[in-house]
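The numbers here are math on the coordinates, done by the rules we state, and not lab data. Remember, it's a predicted structure, so these values are computed and weren't measured experimentally. FYI the Cβ positions are ideal-geometry reconstructions off the backbone, even for glycines, and counts take in every protein chain you see.
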Amino acid sequence: MTDYIIDLRSDTVSKPTAEMRQAMFEAVVGDDVYGEDPTVNALEQKAAKLFEKEAGLFVPSGTMGNLLACMVHCHRRGTEAIVGDLSHVYLYEQGGAAHIGGIQLATLPNKEDGTFCLEALRRKVRLVDDHEPITALVIVENTHNICGGKVIPLEWIDKLVALLNNNKELQPDGKRIALHMDGARIFNAATALQVPVARIARDFDSVNFCLSKGLSAPVGSILVGSKTFIRQARRLRKALGGGMRQAGILAAAGIVALDTIVPLLQNDHQKTQRIAEAIFSMESPNVTVDLTNVHSNILLIRLTNPKYGANEFSQRCAKVTAEELAVRVCTPVKGEGISLKVSSRDWHVARIVLYQQITDADVVLAIKKFKFVICEIDDALKE
Ligand SMILES: Cc1ncc(COP(=O)(O)O)c(C=O)c1O
């Protein structure tokens with residue numbers, strides 16, 4: 001018998017909904033490199049309006065959106081962008097800013113809540129010395145992926161903006177250092193904070209958000225900012241190979257994502273919370289979660305015993321054993337074993353991410369499986 005697979009590795013595995021597929025089928029298209037795809041244009045305008053920015057740009061991926069933001073904001077040679085040391089831009093985009101854009105990434109230690117120390121930022125900025133690169137950009141990730149879907153507090157964002165706005169010594173040539181938000185999951189942040197995305201993005205020069213993660217669209221991200229910024233990004237997108245011609249087929253799904261999936265994100269957060277509570281309530285000495293710090297659709301599961309790591313945990317969750325089938329850890333009707341796909345972030349942290357296609361019934365099954373596996377681990381480590 002085949003196993004019933006619940007894939008919780010990432011929200012990037014979410015699939016387009018039936019409504020998206022229909023919209024893709026019916027999309028009116030044109031050549032977007034000529035600016036003639038009405039569906040792409042509609043998506044870009046819709047995004048710009050939502051974020052209260054002048055313009056938007058449809059790009060193939062979050063990685064390209066972030067790279068374009070770095071390349072436009074840091075267009076002068078000899079510049080750097082300051083990022084968190086646990087940021088996606090720094091860890092998981094191949095250092096593209098450096099090897100493609102010629103931009104140095106300088107890091108500040110990320111705190112557990114996804115922010116970094118603002119005093120350290122003030123001291124890190126470099127603007128005048130001929131020996132040093134010039135700091136041209138600061139990037140904030142929201143929600144913060146590696147920190148476990150943390151929503152960056154608005155108060156911290158406001159302090160960051162005030163620091164850069166109000167200190168003359170931080171303004172080379174009277175111009176504020178640019179601010180970019182890697183808002184791959186900014187709609188999750190807005191949902192958690194119950195504010196419009198425009199409020200979170202208000203003081204940022206550019207924001208990139210992803211359609212293909214928790215929003216379920218198959219492909220694409222949107223970069224928003226001023227008209228001048230987007231004009232430059234559009235030009236560079238072509239150089240990076242991101243000119244996509246009849247991309248309206250993809251953009252159509254993005255429009256449906258904004259209209260129909262964004263209002264449902266709260267469900268993903270609630271499901272994440274339910275799984276977190278179930279694991280927490282077991283009071284396992286070996287596997288636990290930080291319940292007070294579950295903000296959105298990402299849950300970090302901590303393996304606290306050095307004898308049992310996250311890799312082992314994720315392999316065990318994916319496996320179905322005769323013992324668990326014997327006690328009916330399986331689907332109720334067909335009796336299929338439950339295979340949970342979980343990612344192992346580093347030695348002691350596993351990660352799960354919720355998205356639309358994970359149903360309430362899946363959550364019940366996932367909890368059942370987690371409970372069985374955690375009891376098994378606790379028993380084994382007792383001996
Ligand atoms: C926070 C964050 N930024 C950027 C990206 C990059 O997006 P993409 O995979 O579309 O390049 C991801 C991908 O998971 C991400 O989590």
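Listing for the model above:
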| read-out | value |
| --- | --- |
| Reachable aspartates and glutamates from K159, criterion Cα separation under 14 angstrom, eight or more residues apart if same chain | E119, D203 |
| Helix-only CD estimate at 222 nm, as mean residue ellipticity for the chain, using -39500 (n - 2.57) per DSSP H run (n ≥ 4) | -11500 deg cm²/dmol |
| Those lysines that a straight Cα-Cα span of less than 23 Å connects to K334, excepting residues fewer than 8 apart in one chain | K319, K368, K369, K371 |
| Protection proxy ranking, peptides 37-46, 16-25, 322-331, average beta carbon neighbours within 10 Å, highest first | 37-46, 16-25, 322-331 |
| For the stretch 17-262, size of Cβ-based charge dipole, Lys and Arg +1, Asp and Glu -1, in debye | 280 debye |
| Distance between the stretch 321-353 and the stretch 257-289 - C-alpha centres, whole angstrom | 16 Å |
| Listed pairs K46/K175; K15/K341; K213/K341; K175/K227; K271/K341; K49/K213 exceeding 23 Å between Cα atoms | K46/K175 |
| Radius ratio Rg over Rh of the chain, counting only Cα atoms, Kirkwood formula for Rh | 1.01 |
| Calculated log₁₀ intensity ratio I(q)/I(0) where the Debye formula runs over C-alpha points of the stretch 72-220, q = 0.14, 0.15 Å⁻¹ | -0.66, -0.76 |
| Counting DSSP beta bridges with both ends in the stretch 17-262, the antiparallel % (nearest 5) | 40 percent |
| GNM top mover of S343, S281, S206 - the chain, alpha-carbon springs below 10 Å | S281 |
| Label-to-label distance, nm, for residues given as A162 and H99 (7 Å Cα→Cβ offset) | 4.2 nm |
| Charge dipole of the chain about the Cα centre (unit charges at C-beta), most positive-ward option of M181, A278, A239 | A239 |
| Cβ-based net charge around V33, under 10 Å, with every Lys or Arg adding one and every Asp or Glu removing one | 0 |
| Top of F280, F204, F187 by mean-square fluctuation, Gaussian network on the chain, Cα under 10 Å | F280 |
| Within the stretch 22-52: backbone nitrogen closer than 15 Å to the K238 label point (7 Å, Cα to C-beta) | 31-37 |
| For the chain, built as a Gaussian network whose Cα springs stay under 10 Å, the top-fluctuating residue of K371, K168, K341 | K168 |
